[in-house]
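Encoded as structure tokens, the structure appears first; notes follow it.
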Amino acid sequence: MITVLMDASSAILLYKTDLFLPCTRAFSLVMAKEVFREVTVNGYPGARFFRTLKARIKIQAPKNNEVMNIGKMDRGEQETLALFTDREASFIIMDDGKGAKYCYARKIPFINALLVPKIFWYSGRMDKETYMEKTEHLIKLGRYSSNIINKAEALSQKDLARFIPNEL
């Protein structure tokens, strides 16, 4: 099973579109300790839901603090990136813009939540109609630019191969 790191923004978007639980089945999910704290704050969307899934998510603090204190990036994203440098995952699901730019500049493999329905469709975990509905819902909820939406639409199965879970 592919091990994946996830930031709080992605987790909340996937929760709101009923895609977080399928992610726990498709991937071995790891959340930075700070990310888990962020998604379980009382009153936040899904806080109780995330607490009930604690046993299905590996929660870790980074061993390597090299990436920490990246200017203007939240602590959760910093810990997520530090965990990746600790070699704790194959890729990151990251919806934080600064975090995504950091990943892109350093060639860290990442996707945003908008691509989860597409990789589930490509893997056979979701039919095309559901993929399109979930994608539309994520576009409405997320803060995706038209450029990001267009890039996501254009990505082929081959482009996303490294992110597609194999086991059904």
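Figures for the structure shown
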| item | result |
| --- | --- |
| Single unsatisfied condition, Phe91 versus (1) surrounded by fewer than 20 Cβ atoms within 10 Å (Cβ to Cβ); (2) under 15 Å from the mean Cα position of the chain (by Cα); (3) more than 27 Å from Arg125 (Cβ to Cβ) | (3) |
| Only one of Arg125, Arg87 that is at positive phi and among the basic types (Lys, Arg) | Arg87 |
| Test result for Leu5, within 17 Å of Ile119 (Cβ to Cβ) and either over 16 Å from the mean Cα position of the chain (by Cα) or part of a helix (DSSP H, G or I) (or both) | no |
| Members of region 101-133 found to be part of a helix (DSSP H, G or I) and either out of contact with any helix residue (DSSP H, G or I) (no Cβ under 9 Å at 6 or more places or on another chain) or over 21 Å from Lys158 (Cα atoms) (or both), listed by number | Lys101, Tyr102, Tyr104, Ala105, Glu129, Glu133 |
| Of all residues in region 53-82 being modelled with pLDDT of 80 or more, in contact with an Asp or Glu (Cβ under 8 Å, 6 or more places away or on another chain) and hydrophobic (A, V, I, L, M, F, W, C), the one that is surrounded by the most Cβ atoms within 10 Å (Cβ to Cβ) | Ala82 |
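The values are calculated or read from the model by the stated rules, or taken from the named source; none is laboratory data. Predicted model only: the values in this text are computed from it and were never measured. In this analysis, Cβ positions are derived from the backbone assuming ideal geometry, glycine residues included, and neighbour counts consider all displayed protein chains.
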